[in-house]
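Notes to accompany the following structure.
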Amino acid sequence: SSDPVKHAVDTLVDNCTIQNNGHYGGSAGIYADHTYSTTKICRISNCTIRDNEHGAYINSNAPVLFENNTLFNSTIRGLWIRLADPTVRLNNITKNKENGIFLEQSNALIERNSITSNGQVSQLAAGIYVYYYSNPVIQNNFIGQNTDTGVHIRPQCAPSVKGNNITSNTNNGIKLNY
């Protein structure tokens, strides 16, 4: 996965409260899309992101460093990563209705986060849901008290899951469908 910290940051979103946005079909508190640029790098840090449909949606190869944020109370996903490989570290992701982090065609680096109490509804309920050709590195996280599963890994995925504390999830710590 790419690590935007190694490069100069072009866009900075820092120390913001982002709430009550995106309550229709796929909207988010923060939507990062890299479709129109080949050089921009974005850092999203120290934000409180709450009460949105999706807390943050990182899409289309967006080079993002997402760190030290608190995401909670999203009506669907705390963090949705699709077709992008961001670095996600040192975040508190809690009490999101479907899942804490949803990865779709992503090789993200997910490290040193607290991912708790996610998944109050849906069959996709999990702390981290690894879906559709995703091969992330998930390391050194606390993943606990999630409804159903801590880390759910779907077919066609090959993540590296190492050094995590996965505890007290309702059903499974790690669920492998392969």
Inset, instruction - First compute the accessible area of the chain with a 1.4 Å probe, then give the percent of it belonging to carbon and sulfur atoms. - result: 45
Inset, instruction - Express the Stokes-Einstein translational diffusion coefficient of the chain in µm² s⁻¹, to the nearest whole number, given a Kirkwood radius over alpha-carbon pairs, 4 °C and a viscosity of 1.567 mPa s. - result: 84
Inset, instruction - Quick one: pull the percentage of alpha-carbon pairs in the stretch 48-87 with a separation above 15 Å. - result: 38
Legend entry - Per residue, in Å², the accessible surface of the stretch 8-153 once ligands and nucleic acids are set aside, probe 1.4 Å: 39
Inset, instruction - Net charge near I44: determine it from the other residues with C-beta under 10 Å of the C-beta of I44, scoring Lys and Arg +1 and Asp and Glu -1. - result: -1
Inset, instruction - Give the whole-number value, in cubic angstrom per residue, of the convex hull volume spanned by the C-alpha atoms of the stretch 54-122. - result: 64
Legend entry - Cα-based radius of gyration of the stretch 10-88 once divided by 2.2 N^0.38 Å, which approximates compact folds: 1.00
Legend entry - Accessible-area order (highest first, 1.4 angstrom probe) of the listed residues V121, V161: V121, V161
Inset, instruction - Enter the accessible area of D14 (Å², nearest 10), with the probe set to 1.4 Å and all protein chains included. - result: 70
Inset, instruction - For C16 paired with D33, estimate the spin-label separation in nm (one decimal), with each label point 7 Å from Cα along the Cα-to-Cβ line. - result: 1.6
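The values are calculated or read from the model by the stated rules, or taken from the named source; none is laboratory data. These figures come from a predicted structure and were not determined experimentally. With ideal geometry, Cβ positions are generated from the backbone for all residues, glycine too; neighbour counts draw on all protein chains shown. Accessible surface areas use protein heavy atoms only, side chains included; no ligands, DNA or RNA. Shrake-Rupley method; radii C 1.70, N 1.55, O 1.52, S 1.80 Å.
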